[in-house]
Amino acid sequence: MEQINTYLKNLDALASWPMFILLIGGGIFLMVYSRLSPYRLFGHAIAITRGKYDDKNAKGEITSLQALSAAVAATVGLGNISGVALAIRDGGPGVVFWIWMTAIIGMCIKFYSCSLSIMFRGKDSEGKLQGGPMFYITQGLGKKYKPLAIFFCIAGLFGFLGVFTANQFTETFMSVVKPEETLLALGGINDDALFYWKLLIGFTLAAIASLVIFGGLKKIAKVATTLVPFMAFIYLLAVVVVIILNASQVLPSLKLVITEAFNFNTMVSGGFWGLVIIGVKRAMFSNEAGLGSAPMYHGQSKTDEPIREGLVAMLGPFIDTIVICTLTAIVIIISGSYLQDNEGIVMTLKAFETTLGSYGDDLLMIIVSAFALSTLFTYSYYGVKCLSFLTNAKVGKYYNHFFILMIVLAAIVSLDFVKTLIDLSYALMVIPNMIAVLLLAPKVNKAAKIYFQKMKNEK
């Protein structure tokens, strides 16, 4: 396993720079090219999400709110709770600033990519309407670009595995429940006993996830729409309480983020640019802008207005990164848990335990459980769509069996291996997706011009 991890790390180092250039360089180009119009219509995007413009007769399976909730369910979760902790551990508080910058750019990327997901929808082998990078690549750019779509889907088969979520859920459970204390009381701790504990957690998580995953898109969207907003509210409430109780430390924490963001003498591997790349990777892990995952859900929305759906999708990076990641980072910095020898979710658990007392980690355990399940539901659907495109819809459904098996395996492997696998897969997915988005951007601008004129005429 160690040799495989080393090989994956070498590949990830090679893929990181093309990913960085396409994601950040391409994203800045889209911001300029759009003349910042998506940002200026933020209020309109919220009105769309509230259902003001829903059309029951439009093509699609789910509402824009359900699509946003399902897409956010895959991102508002352990990516925000554990991903931020990983970023701060690897790059220090300054990495948070680069997470913000990537998220702001990511809002524009999601506007373009999710507009394309409606503009170029296709049908699978069962005749069901589908959307996503593989469809806007093949239909928008033409069949000669199909190798890009195939490349995206192959990387997606690994990138959309719920391994990071399963791994971090297991670590959360082990840290809060502390089975080693029970084992110690029974006569001693050994590695085999802890291994079987983790294996049991993996099997339990897989069994619960199966109940929804095998129910299909509508069941996933329904559960996500119910679960995500409520748990996100509870999490935000807990974080706000921590911030209020430590109000005097909030501004110093934010100041530390800004000053460390431009620390050219940083000890991070790769120096200053290494710090920036960590921020970009963790931001992409948080909101998935440029990854191509959200267009798969938004492509199923009941709407015939591509620009309208793009504006809804734009809200995702703002919600899960600008708001939730920032609040998580403040709690971690205030608590000082990032200065201790903690990894991933354990760092956030220690932050809550330090600031909220003995009930802090128990509360986070409940929240993490809900977020973990909602993330697993949505990720499984992404993987099914990738395999369906590579084969057919009937074969694609078997991805769920592979997905469930990997949940169990992820519970017992190291965090470092899981993180490397996902980072590499994400980088490889960004490359074909961003190439397609940039090449098709003129078509989105043309549709946006018509939509914005229509809005003016309706006033």
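Suppose we filter segment 261-277 for residues that are at pLDDT 75 or above and buried (at least 18 other Cβ atoms within 10 Å of the Cβ); how many remain? Summing the residues that are at pLDDT 75 or above and buried (at least 18 other Cβ atoms within 10 Å of the Cβ) in segment 261-277 gives 4.
Working carefully through the options Y359, Y338, find the one that is touching a Lys or Arg at 6+ places or on another chain (Cβ under 9 Å), open to solvent by 40 Å² or more (accessible area, probe 1.4 Å) and assigned to a helix (DSSP H, G or I). So that I can check it myself, show each step before the final result.
Details: Y359 fails: touching a Lys or Arg at 6+ places or on another chain (Cβ under 9 Å).
After applying the criteria, what remains is Y338.
Which residue, of A87, A74, A67, A155, is at pLDDT 90 or above, under 29 Å from F29 (Cβ atoms), of a type outside the set (D, E, K, R) and out of contact with any Cys (no Cβ under 8 Å at 6 or more places or on another chain)?
Working: A87 fails: at pLDDT 90 or above; A74 fails: at pLDDT 90 or above; A67 fails: at pLDDT 90 or above.
Of the residues listed, the single one that is at pLDDT 90 or above, under 29 Å from F29 (Cβ atoms), of a type outside the set (D, E, K, R) and out of contact with any Cys (no Cβ under 8 Å at 6 or more places or on another chain) is A155.
Provide a single number: the residues in segment 108-126 that are over 13 Å from G290 (Cβ atoms) and not in a loop (DSSP other than H, G, I, E, B).
Number of matching residues: 6.
For segment 406-414, the criterion of being assigned to a helix (DSSP H, G or I) and farther than 23 Å from T204 by Cβ is satisfied by no residue at all. K281 passes every criterion in (1) surrounded by 22 or more Cβ atoms within 10 Å (Cβ to Cβ); (2) touching a strand residue (DSSP E or B) at 6+ places or on another chain (Cβ under 9 Å); (3) at pLDDT below 85 apart from (2).
None of T420, T375 is of a type in the set (V, I, T) and either out of contact with any helix residue (DSSP H, G or I) (no Cβ under 9 Å at 6 or more places or on another chain) or buried (at least 23 other Cβ atoms within 10 Å of the Cβ) (or both) except T375.
Somewhere in segment 2-16, is a residue farther than 25 Å from M429 by Cα and either modelled with pLDDT of 70 or more or surrounded by 15 or more Cβ atoms within 10 Å (Cβ to Cβ) (or both)? So far as segment 2-16 goes, no, none of its residues is farther than 25 Å from M429 by Cα and either modelled with pLDDT of 70 or more or surrounded by 15 or more Cβ atoms within 10 Å (Cβ to Cβ) (or both). Annotation note: of I137, I150, I105, the sole residue that is of a type in the set (V, I, T), surrounded by fewer than 18 Cβ atoms within 10 Å (Cβ to Cβ), part of a helix (DSSP H, G or I) and touching a residue at least 40 places away in the same chain (Cβ under 8 Å) is I150.
Answer with yes or no whether G142 is modelled with pLDDT under 80 and surrounded by fewer than 16 Cβ atoms within 10 Å (Cβ to Cβ). If you could, list the steps in order and put the result at the bottom.
Working: modelled with pLDDT under 80: no; surrounded by fewer than 16 Cβ atoms within 10 Å (Cβ to Cβ): yes.
No: the conditions fail for G142.
The values are calculated or read from the model by the stated rules, or taken from the named source; none is laboratory data. Since this is a predicted model, take the numbers as computed values, not measurements. Cβ sites come from the backbone with ideal geometry, for glycine too, and all protein chains shown count toward neighbours. Keep in mind that these areas ignore ligands, DNA and RNA; they rest on the heavy atoms of the full protein, side chains included. Shrake-Rupley method; radii C 1.70, N 1.55, O 1.52, S 1.80 Å.
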